[in-house]
1. Rounded to the nearest 0.05, what FRET efficiency is calculated for residue 91 and residue 48 with R0 set to 22 Å and r the Cβ-Cβ distance?
2. Note the full-extension length gain between residue 58 and residue 151 as 0.36 nm times their separation in residues minus their Cα-Cα distance, in nm to one decimal.
3. Region 93-211: D in µm²/s via Stokes-Einstein (Kirkwood Rh, Cα pairs, 37 °C, 0.692 mPa s)?
4. Within straight cross-link reach of residue 300, meaning Cα distance under 22 Å, which lysines are found once same-chain residues fewer than 8 apart are removed?
5. Provide the per residue accessible area, probe 1.4 Å, for region 46-156, rounded to a whole number of square angstrom.
6. For residue 181 and residue 287, compute 0.36 nm times the residue count separating them, minus their Cα-Cα distance, and round to one decimal in nm.
7. Taking 51 Å as R0, compute the FRET efficiency from the Cβ-Cβ separation of residue 255 and residue 71 and round it to 0.05.
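The values are calculated or read from the model by the stated rules, or taken from the named source; none is laboratory data. Here the structure is a predicted model, which means the values were calculated and not measured. Cβ placement follows ideal geometry from the backbone for every residue including glycine, while neighbour counts extend to all protein chains displayed. Surface accessibility is based on the protein's heavy atoms, side chains included, excluding ligands, DNA and RNA. Shrake-Rupley method; radii C 1.70, N 1.55, O 1.52, S 1.80 Å.
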Amino acid sequence: MSIREVNQIAHSETEKFAIAQYYNQFINEDEEMPEGAPQFNLIKHLVDLLRWHFRDRNWYIIGNLPLYQPLYNPVGPDVAVFKGMVEPTAVLDELASWQMTEPDRPAPSVVFEVASGSTWRTDLEYKVGRYGQLGVHEYFAYDPNRTQLWTGVRLRGWRYNFEGQPQVINTNGQGWLWSKQLRLWLADARPKVRLYRSNGEQVLERAEEEYLARIAAEQREATERATRLLAEQQVRLYRSNGEQVLERAEEEYLARIAAEQREATERTTRLLAEQREATERAALQKLLAKLKASGIDPDKL
């Protein structure tokens, strides 16, 4: 290897180090601020929910991953959804940052920001334009705080055209926002954001799905046991041609089965009631926001 080639390699490595150092100094202040409980809980909820729902697709869903793009300051969305990834998730999960200059490193299709007292203005102003420059397709911002940080609805969304210009996503009659990229409805259910399929069916978390599946399996098993016992009793009645007197063990078994079925039904009823309450609370928050936006103080009505 010639001296000239050695110098070229050294210059290249020095340049890469200098670029990395240049980018690192521009981490936004809001990216360095520790998340509060509402922000942390919602980010984890969205990442877990989206990963579980899209588990059969080649999607990469991650929280707080810095995105680097030449000529622009880095930006780190609270949640980023990358569609059509070719690398295994195990490899992607080892990344410390997302370098968009590298192969197979496109902009995320969807990003979410969870507002805090120190970031909400940036979320509603700077980042609306910044994500368009980055090549994002849809951007959603949500305020989960008890004391609302901005006026109007808590959940806002923008869809970008081919020039990267943001277009506000309008709500439906329930105050939900439709994501074309996710093919899901997004709904305010403070302190969470709920997701719904196009038919209105709620997208459940993994624990919720597994719980309902377990309850359904227990109910099926209880029904099958009761059916078998009833069939056995009918056979005995037919053979004896008279009323069958159950043994103590059989009576206790039937009572236990009935109690298990009642308990399973009560648990399912409670879960459905919690879901209805979340939907009603979201509708109430939307109504209160409309009243405040119209200059009406709901507390004085």
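1. 0.60
2. So the chain would gain 29.7 nm between residue 58 and residue 151.
3. Translational D for this selection: 209 µm²/s.
4. List returned: 286, 290, 292.
5. Accessible area per residue: 43 Å².
6. 35.4 nm
7. That gives a FRET efficiency of 0.10.
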